[in-house]
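The values are calculated or read from the model by the stated rules, or taken from the named source; none is laboratory data. Just so you know, these numbers come straight off a predicted model, no measurement behind them. Cβ placement follows ideal geometry from the backbone for every residue including glycine, while neighbour counts extend to all protein chains displayed. Remember, those area values only see protein heavy atoms, side chains included, never the ligands or the DNA or RNA. Shrake-Rupley method; radii C 1.70, N 1.55, O 1.52, S 1.80 Å.
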Amino acid sequence: MPAIIEYPPFFDVFQSLSEELSRNYGPTACGPSKCPAFHQTSDASRSKKDVIFAPAIDVFDTDRAFVVHASLPGAFSNAISVDFEPKRNELILTGEIKRPGSFADDTSIKSLRISERPVGKFERRVRLSPTTKIVHDNITAKLVNGVLEVVVPKVEEQPKRKITIETVGNPADDWVDAASYNEQNSSSDTIGTEKLD
């Protein structure tokens, strides 16, 4: 006679799954959007108690610029700050994402059962190549459909140029006059010499 296997009712399975999701993704949980183990952030951002998550990013290293895309669905441009630290060639993205409308109030939060969307204050630091020179004044940022795009232009390297050597007929007549390269006229001021009586 085959053994009879009892399966829990579907509602019990669903309730267990709901409790597991709440533990891993709830307001006080440690899920992919909140745990430092799930994303790479700086120690400084981890130590801040008010920083809840670090947004996911893509970094493109093109010939003319670094292009950074940060996923910030639900964010408004006036709630985002983009800074650049030239000493470390580091891009710093900070801001806050709030729940829409009345869903941000305490009554709606009490009714929250599953929370997977990253909501709250965020910070993400992007360290660019330390050997690449950046045009700081030309960094631009725009927010399109929940994606923040930051373009960090590189200093364009000048191509190698061949110098033509000029042939001189009489060196005594065409030799370089050092006075022509000095800011002051050599006849009025003499540097490094003293006049003796």
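Can you pull a Stokes-Einstein diffusion coefficient for region 49-167 at 10 °C (1.306 mPa s), Rh from Kirkwood over Cα pairs, as a whole number of µm²/s?
Translational D for this selection: 95 µm²/s.
Leaving out ligands, DNA and RNA but keeping every protein chain, what accessible area does R88 have, in Å² rounded to the nearest 10, with a 1.4 Å probe?
It works out to around 110 Å².
Hey, can you rank 64-73, 102-111 by average C-beta count inside 10 Å, highest first?
The densest-packed peptide leads the list: 64-73, 102-111.
Describe numerically, in nm with one decimal, the distance between label points set 7 Å from Cα along Cα→Cβ at F103 and at E166.
7.4
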